[in-house]
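Enquirer: Let me begin by handing over the structure; questions about it come next.
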Amino acid sequence: MTDDDNPHGLTPLRRVLIMISVMLGSTLYSTTLLIASTLLPQMQGTMAATSDEIAWVMTFNILATAVMTPMTGWLVARFGRRSVMMWSIFGFSVCTYLCGQADSLETLVLWRILQGGCGAPVVPLSQTILLDSFPRRQAGMVTSIFGMGAVVGPVIGPALGGYLSDLYSWRWAFYVIVPVGFLSFIGLRLTLPPDANTPSTRLDWTGFLSLAVAISCVQLVLSRGQRLDWFDSMEIILETATAIIAFYVFVVHSLTTDRPFLQLRLLKDRNYAMGLVLVFIYGMLNFTPMVLLPPMLQAYSGFPDPIIGEVLGARGIGAVIGFFSAIFVAKLDPRIGMVIGFGVQVISGIWLTQIDLNVDMTSLVSNSILQGFAVGIIWVPLTVATFRTLETRFWPEAMSVFHLLRNIGSSFFISISVAEIVRTSAQNYSRMNEMLSPFNDRLALPWVMGAWTMETKEGLARLAKEVDRQASMIGYLNAFAMYTAASAVGVLLVLTIRKGRRATPA
């Protein structure tokens, strides 16, 4: 990418059309990541599947995405950026339509696998195309606009899916995406400049397969660990061992072969290496509150679904404010924006650790806006600092790893947060039950028990339900404390980033 005002001879109008086409595709793909989560109950009834069987609809889609994301660099080197982007959007749109047409669980899982595999290169390649199509001085603005689609998409996805499934059926949540996907394909075909002649590039099968096995096993452990009680399950033990062995093979092979699948030597670039660590933490913090808050508010605080949707929607408002702010902050030292963002997440996390089951709507919406603002203002300086010192010829490969770690970070932290909630909820339920005994003299005091009673079955049932609510709330507070700690670690790691000089174009 050059620093002139007209990179690749593109007119301003053509650059804007490229941005619109790319944003349509990347936002749609981001929307589908979580849209299926709201459709699982309806799909389970249609397919006559168990809860464990229908979970494969989500699990295999995540697996396919994780496996194919690192392939982006090789696909671009082999077939060209324009071709990979266009046909990824086309294949994604076709598979999305076929997901809606599926009449059995097996076919639905198959199309979800292909949907994730086809769409995996879209997000990392979208950011590369946008950064390469605009002058470098506009990188902050371009990254902000791209980030809005990548972050706002998962926010509106579950709400859109729930609305359409209630109004029509779960199939329409997939159908509505298809026309916009084809519109993006047409726009890309008309506006993206043709690729230069791409030489034949050999795929490092050993590196690819070993990395694919490692990523697949990690995702299976994260997706199924809670249901199988983690390392009490032989399946989880075998998947963990396989992941470790496969990753060892990948690292050793990559360090000893001439043309590895992924260039590990890029990690010598300090900013890129620290950027990968920070984007992993960013992924940990990105979607976790969106996953934890709805079941807590619905099951234990009695919030109706529309109100919960408003709470999550406020996060999108904060994200838009954050991305617009990042346009101006990016002109300064990128570390300033990241410190502000992670600092705001620390504040929002501390706030969450202070709430109780009687939390009011104003507090939830305000906190959600803070979270969204932090997510928005971090993304632009994080991307700028990570890739500032890398040559542009490494961007497709480096960007794919960047987004892969963001996704794995989300899966990892959501899994351990849910595990912490389940573990501490059970422990605290047991401890609280020990105190509810006729032999506890304090319970004989009228101002202690209030309206509660242990004299009737109904009273005991109400007490058991209240103990469950309070024990579960302690579990959620522990998860929010982990969220706060991870945010604080992010603040400290930002200080290791160097301002650095821009890499010279290849």
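The values are calculated or read from the model by the stated rules, or taken from the named source; none is laboratory data. What you see is a predicted model; the values in this text were computed from it and never measured. Cβ atoms come from the backbone with ideal geometry, glycine included; neighbour counts cover every protein chain shown.
Enquirer: Restricting to segment 222-237, what's the tally of residues that are at pLDDT below 85 and assigned to a helix (DSSP H, G or I)?
Expert: Summing the residues that are at pLDDT below 85 and assigned to a helix (DSSP H, G or I) in segment 222-237 gives 6.
Enquirer: Scan GLY349, GLY318 and give me the residue that is in contact (Cβ under 8 Å) with a residue 12 or more places away in the chain, farther than 20 Å from ILE421 by Cβ and surrounded by 18 or more Cβ atoms within 10 Å (Cβ to Cβ).
Expert: None of the others qualify; the one that does is GLY318.
Enquirer: If you check ILE129 against the conditions, is it within 18 Å of LEU28 (Cα to Cα), touching a residue at least 60 places away in the same chain (Cβ under 8 Å) and more than 20 Å from the chain's Cα centre (by Cα)? Quick ask: steps written out before the conclusion?
Expert: Details: within 18 Å of LEU28 (Cα to Cα): yes; touching a residue at least 60 places away in the same chain (Cβ under 8 Å): yes; more than 20 Å from the chain's Cα centre (by Cα): yes.
For ILE129, the condition - within 18 Å of LEU28 (Cα to Cα), touching a residue at least 60 places away in the same chain (Cβ under 8 Å) and more than 20 Å from the chain's Cα centre (by Cα) - is met.
Enquirer: Of the numbered conditions (1) touching a Leu at 6+ places or on another chain (Cβ under 8 Å); (2) within 19 Å of VAL291 (Cβ to Cβ), GLY349 fails exactly one; give the number of that condition.
Expert: (1) is the only condition that GLY349 fails.
Enquirer: Between PHE182, PHE146, PHE174, which is closer than 30 Å to GLN263 by Cβ, assigned to a helix (DSSP H, G or I), at pLDDT 75 or above and assigned by TED's automatic domain parsing to the domain that holds TRP74?
Expert: Only one candidate passes the filter, namely PHE146.
Enquirer: If you don't mind, another one. Consider segment 115-126. How many of its residues are of a type in the set (A, V, I, L, M) and within 13 Å of THR59 (Cα to Cα)?
Expert: Total satisfying the criteria: 0.
Enquirer: Out of SER223, SER254, which single residue is more than 30 Å from ILE54 (Cβ to Cβ), surrounded by 19 or more Cβ atoms within 10 Å (Cβ to Cβ) and not aromatic (Phe, Trp, Tyr)?
Expert: Going through SER223, SER254 in turn, just one is more than 30 Å from ILE54 (Cβ to Cβ), surrounded by 19 or more Cβ atoms within 10 Å (Cβ to Cβ) and not aromatic (Phe, Trp, Tyr): SER254.
Enquirer: In segment 168-195, what residues are over 29 Å from SER133 (Cα atoms) and free of Cβ contacts under 8 Å to residues at least 12 places away in the same chain?
Expert: The one that is over 29 Å from SER133 (Cα atoms) and free of Cβ contacts under 8 Å to residues at least 12 places away in the same chain: TYR168.
Enquirer: Among all residue pairs at least 6 apart or on different chains, which show Cβ distances below 6 Å where the first residue, located in segment 23-52, is farther than 22 Å from THR191 by Cβ and at pLDDT 70 or above and the second is among the polar types (S, T, N, Q) and part of a helix (DSSP H, G or I)?
Expert: LEU39/SER165; GLN42/SER165
Enquirer: Here's something else I'd like to know. Identify all residues within segment 265-306 that are under 24 Å from GLN345 (Cα atoms) and of a type in the set (Gly, Ala, Ser); write none if there are none.
Expert: Once the filter is applied, which keeps residues that are under 24 Å from GLN345 (Cα atoms) and of a type in the set (Gly, Ala, Ser), segment 265-306 yields ALA273, GLY275, GLY283, SER301.
Enquirer: Give the residue, chosen from ILE245, ILE215, that is over 20 Å from ALA55 (Cβ atoms) and modelled with pLDDT of 75 or more.
Expert: Answer to the check: ILE245.
Enquirer: Hey, another quick one. Failed condition for SER104, given (1) under 19 Å from MET19 (Cα atoms); (2) of a type outside the set (Lys, Arg); (3) out of contact with any Ser or Thr (no Cβ under 8 Å at 6 or more places or on another chain), with all others met?
Expert: Failed condition: (1).
Enquirer: Select from segment 447-506 the residues that are hydroxyl-bearing (Ser, Thr, Tyr) and at pLDDT 85 or above and list them in ascending order.
Expert: Of everything in segment 447-506, those that are hydroxyl-bearing (Ser, Thr, Tyr) and at pLDDT 85 or above turn out to be SER472, TYR476, TYR483, THR484, SER487.
Enquirer: Considering only segment 259-278, I want to know if a residue exists there that is in contact with a helix residue (DSSP H, G or I) (Cβ under 9 Å, 6 or more places away or on another chain), surrounded by 20 or more Cβ atoms within 10 Å (Cβ to Cβ), β-branched (Val, Ile, Thr) and in a helix (DSSP H, G or I).
Expert: The answer is no; no qualifying residue exists.
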